[in-house]
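Visitor: Okay, here's the structure, questions in a sec.
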Amino acid sequence: MKYKTVAFVAARQKQAQDALVCLKKRYAHVQPSRADVIVVLGGDGFMLRSVHKYLHRGVPIYGMNRGSVGFMMNAYKETGLLHRLERAEPIILHPLSMECVDTRGRKHHALAINEVSVLRQTRQAAKIRIYVDDQLRMNELVCDGALVATPAGSTAYNLSAHGPIVPLGADLLALTPISAFRPRQWKGALLPGTATVTFEIIDPRERPVSAVADDTEIRRVKRVTVYEDRTIEPLLLFDPEHNLEDRIVREQFLV
């Protein structure tokens, strides 16, 4: 697909800012508010923040790695960018919606491209009751926390917590405990993409827990509900040779 107008945005790090200067000299560009496609320069963290920031625009986002891991990014190259954008393959990512209530009764809402996690705030382990589609599935999980990950986010925090890698298009969510103390042998669950997961915090005042949706954190929550919001469809672009679906599959064979 041909794009008429391109916007460049970059992380604060020097290599991202240097790339921004080079690309703006080489290509015509506009502000993100007027662009048909947004080119993001940085790492995965900046890519996630950019997806959130420009979600309302409904335009494709193409990342080039000027960070460290760059799992969600394409390789950086100054030449041939317009041709690469034409050849790029789109991936639609449905974010998770997080709705929570804190111990003061205040309601909060946030979106997550990768995962929603609940995490203990103090030295004491969290105690969490877990419902799936309003059905009690675990009466008490004693742990550092738990998370729900999208397929795209299954190779991030979820993987480091020993959760399963979920291929794109599998229509599944990963529910993964973080350092579970009781029950020790529970490794989590794979749930349908339509599932709604509710974390009910047991004794939230004595054992405070925070809820995190990507980079949005709500402290001292007592109830957190998570589900995939299929009405929101951020569109990411990937080079055919660096397809995100293939990357997720390849992660399962790394040793």
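Visitor: Filter the stretch 76-129 down to the residues that are of a type in the set (Ser, Thr, Tyr), outside the structural domain of Val142 (by TED's automatic domain parsing) and loosely packed, with under 13 Cβ neighbours inside 10 Å and list them by number.
Guide: Scanning the stretch 76-129 gives a single hit, Thr79.
Visitor: In the set Val37, Val9, Val69, which member is surrounded by fewer than 16 Cβ atoms within 10 Å (Cβ to Cβ) and of a type in the set (A, V, I, L, M)?
Guide: Sole residue among the options that is surrounded by fewer than 16 Cβ atoms within 10 Å (Cβ to Cβ) and of a type in the set (A, V, I, L, M): Val69.
Visitor: Of the residues Asp44, Asp18, which is crowded, with 16+ Cβ neighbours inside 10 Å and within 19 Å of Ala75 (Cβ to Cβ)?
Guide: On the way: Asp18 fails: crowded, with 16+ Cβ neighbours inside 10 Å.
On inspection, the qualifying residue turns out to be Asp44.
Visitor: Just give me the residues in the stretch 47-73 being over 20 Å from Ile232 (Cα atoms) and at pLDDT 95 or above, in sequence order.
Guide: Met64, Asn65, Arg66
Visitor: So, one more: Mind checking which residues of the stretch 194-218 are surrounded by 13 or more Cβ atoms within 10 Å (Cβ to Cβ), of a type in the set (D, E, K, R) and in a loop (DSSP other than H, G, I, E, B)?
Guide: Scanning the stretch 194-218 gives Arg207, Asp214.
Visitor: Look through the stretch 1-12, keep the residues that are in a loop (DSSP other than H, G, I, E, B) and not β-branched (Val, Ile, Thr), and return whichever of them is modelled with the lowest pLDDT.
Guide: Met1
Visitor: Please go through the stretch 96-131 and pick out each residue that is over 21 Å from the mean Cα position of the chain (by Cα) and among the basic types (Lys, Arg).
Guide: Arg104, Arg106, Lys107, Arg123, Lys127, Arg129
Visitor: Let me ask something else. Just name the residue that is surrounded by the fewest Cβ atoms within 10 Å (Cβ to Cβ) out of those in the stretch 165-180 that are farther than 18 Å from Glu217 by Cα and at pLDDT 95 or above.
Guide: Within the stretch 165-180, the first condition is being farther than 18 Å from Glu217 by Cα, and the residues that meet it are 165-177, 179-180.
When the remaining residues are screened for being at pLDDT 95 or above, the result is 172-177, 179-180.
Details: Leu172: 20, Leu173: 30, Ala174: 24, Leu175: 24, Thr176: 27, Pro177: 25, Ser179: 14, Ala180: 22.
Result: Ser179.
The values are calculated or read from the model by the stated rules, or taken from the named source; none is laboratory data. Values in this document were obtained by computation on a predicted structure and should not be read as measured data. Neighbour counts are summed over all protein chains in view; Cβ atoms, including those assigned to glycine, are modelled from backbone coordinates with ideal geometry.
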